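The values are calculated or read from the model by the stated rules, or taken from the named source; none is laboratory data. Quick caveat: nothing in here was measured; it's all calculated off a predicted structure. So basically every Cβ, Gly included, is an ideal-geometry build from the backbone, and we count neighbours across all protein chains shown. For accessibility, only protein heavy atoms count, side chains too; no ligands or nucleic acids. Shrake-Rupley method; radii C 1.70, N 1.55, O 1.52, S 1.80 Å.
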Amino acid sequence: MSDSGTSLETFAREKLTELDASALRRRLRPTIRTAGALAERDGRRLISFSCNDYLGLANDPRVIAAAQAATARYGAGAGGSRLVTGNHPLLAALEERLARHKGKEAALVFGSGYLANLGITPALVGPRDLVLADALSHSCLWAGARVSGAEVVRFRHNDLADLRRLLDRHRPARRRALILTERVFSMDGDRAPLPEILALAEDFDAWTLVDDAHGLGVVEPGARAPLEMGTLSKSLGSYGGYVCASRAVVDLLTSRARSFVYTTGLPPASAAAALAALEILEAEPERAARPLVLARRLTARLGLPEAESAVVPILVGAAEGALALSAALEARGFLVVAIRPPTVPAGTARLRIALSAAHSEAQVDALAEAVRDLRA
Ligand SMILES: *Cc1c(COP(=O)(O)O)cnc(C)c1O
């Protein structure tokens, strides 16, 4: 039987028309990424400033070799949940290494960063509790908060006075409280004032979960939160998520985080690649320093506030304008994807430039010149 004419079909078509009308429809485009921050699209070779592969490790021969060897030895897939038969030995090695890197007792690897955040918060707080989330928190932090059933309150982005006010107002009636923030904000590239947030958390007996997806391997870690989560898919060039915490907290999450318990373990290749990447990250500090140096070079050339991370936003405002600027840059050989609502708040569509250790100074300068030229 044909699907056309059903209410589902009508619903989908109407929604797509709406998305098209507001320039918010998203489309998949085949893209082949290669070493040196290059990407091929529609038969053209572009310099990519849109990858989160900040250290250029996704195409590093050592990382690729580790993934190949793990696949040959352990197979392509984990074959089950880690609590059943999917816990191949590479995962324990990776967790030990992650915990050491973060100065924590233990770590737990999830299927992705999204799954980690979907599981951590509901394992720790519930309907009698409070979650306070920075207004610019990533979608998966909100998803975990909602699933938990806790009262969810947003505080103004990086605003300590607002956080204190909300803790004063909401904390007393609640059993437990959890603060959610990011070390480096994914779409703005700025950093959270963590020492101050951690001090506030202590005053109110609240716990803090920091999402380090864009910080690991790129910015100096600074203050550590009791719960540090992140992804293996950005600076580590692989796939998967993790949380680092005390032994007891990790043991609790192992039993209680549903997005850990009821899903298949990470494929051996992903774990081995992340492990190899983490070793390189620690052994080559000059590589880890490079994205921030390049980001600061770019902000200086564009007359923007000095970059705090490898992420540099160029605010445009309207979704159409961001798409047009992105297309104009693509015509000049640069892949800089436009970021539109709901990924960012309405009226703040932007280009999000991500710098990588794989970029050359000349590539960064050429991008700066193209942006200046197009915005003049
Ligand atoms: C990318 C990202 C995630 C999700 O990580 P994945 O491993 O890609 O699922 C979580 N939080 C932030 C801030 C991110 O940018």
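Taking first residues from region 241-255 that are among the basic types (Lys, Arg) and partners that are part of a loop (DSSP other than H, G, I, E, B) and modelled with pLDDT of 95 or more, the Cβ contacts under 8 Å between residues at least 6 apart in sequence or on separate chains come to 247/105. Being within 15 Å of the ligand (Cβ to nearest atom), touching a helix residue (DSSP H, G or I) at 6+ places or on another chain (Cβ under 6 Å) and hydroxyl-bearing (Ser, Thr, Tyr) is a description that applies to residue 259. A single member of 338, 324 is of a type in the set (A, V, I, L, M, F, W, C), closer than 22 Å to residue 190 by Cα and not assigned by TED's automatic domain parsing to the domain that holds residue 158, and it is 338. Considering the conditions (1) touching a strand residue (DSSP E or B) at 6+ places or on another chain (Cβ under 7 Å); (2) under 30 Å from residue 201 (Cβ atoms); (3) within 16 Å of the ligand (Cβ to nearest atom), residue 254 is excluded by exactly one of them, (3).
One residue stands out in region 1-11 among those that are surrounded by fewer than 10 Cβ atoms within 10 Å (Cβ to Cβ) and in a helix (DSSP H, G or I): the one that is farthest from the chain's Cα centre (by Cα), namely 7.
Answer yes if at least one residue in region 28-44 is open to solvent by less than 50 Å² (accessible area, probe 1.4 Å), part of a helix (DSSP H, G or I) and out of contact with any strand residue (DSSP E or B) (no Cβ under 6 Å at 6 or more places or on another chain), and no otherwise. Steps first, please.
Residues of region 28-44 open to solvent by less than 50 Å² (accessible area, probe 1.4 Å): 34, 36-39, 41.
Checking which are part of a helix (DSSP H, G or I) leaves us with none.
No, region 28-44 contains no residue that is open to solvent by less than 50 Å² (accessible area, probe 1.4 Å), part of a helix (DSSP H, G or I) and out of contact with any strand residue (DSSP E or B) (no Cβ under 6 Å at 6 or more places or on another chain).
Across region 134-165, the qualifying residues are those that are of a type outside the set (A, V, I, L, M), outside any loop (DSSP other than H, G, I, E, B) and within 13 Å of the ligand (Cβ to nearest atom), and the one among them that is most open to solvent (accessible area, probe 1.4 Å) is 139.
Taken residue by residue, region 12-25 has at least one member that is over 30 Å from residue 328 (Cα atoms), small (Gly, Ala, Ser) and either open to solvent by 30 Å² or more (accessible area, probe 1.4 Å) or under 25 Å from the mean Cα position of the chain (by Cα) (or both).
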